[in-house]
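The values are calculated or read from the model by the stated rules, or taken from the named source; none is laboratory data. For clarity, every value in this text was computed on a predicted model and none was experimentally measured. Glycine also receives a Cβ, built like all others from the backbone with ideal geometry; neighbour counts cover every protein chain displayed.
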Amino acid sequence: MTLAQILRAHWPEYVAQVGAHRIPTAHWRAVEAVLACRTARMGGHRYECSDCAQAHYVYHS
């Protein structure tokens, strides 16, 4: 299990319990960065196999 998976599963509940206004801005930024890491939100590159033409996406971290 990754940190991003844990945050996706539990961050909304944590925010609801603690209250969004009590969470420091730096914490919000850190969580958003972890959740965006290696996803389409960060962009990436498309690679294509020269033999079979199958596309493979590699997202930025």
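All but one of (1) modelled with pLDDT of 95 or more; (2) in contact with a Gly (Cβ under 6 Å, 6 or more places away or on another chain) hold for Tyr59, so report the exception by its number.
(1)
Here is a yes/no grid of residues against (1) aliphatic (A, V, I, L, M); (2) surrounded by 10 or more Cβ atoms within 10 Å (Cβ to Cβ); (3) not in a loop (DSSP other than H, G, I, E, B):
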| site | (1), (2), (3) |
| --- | --- |
| Arg8 | no, yes, yes |
| Tyr14 | no, yes, yes |
| Trp28 | no, yes, yes |
| Val31 | yes, yes, yes |
| Leu35 | yes, yes, yes |
| Arg38 | no, yes, no |
| Arg46 | no, no, yes |
| Ser50 | no, no, no |
| Tyr57 | no, no, yes |
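In region 4-50, how many are in contact (Cβ under 8 Å) with a residue 12 or more places away in the chain, within 11 Å of the chain's Cα centre (by Cα) and under 14 Å from Ser61 (Cα atoms)?
Total meeting the criteria: 9.
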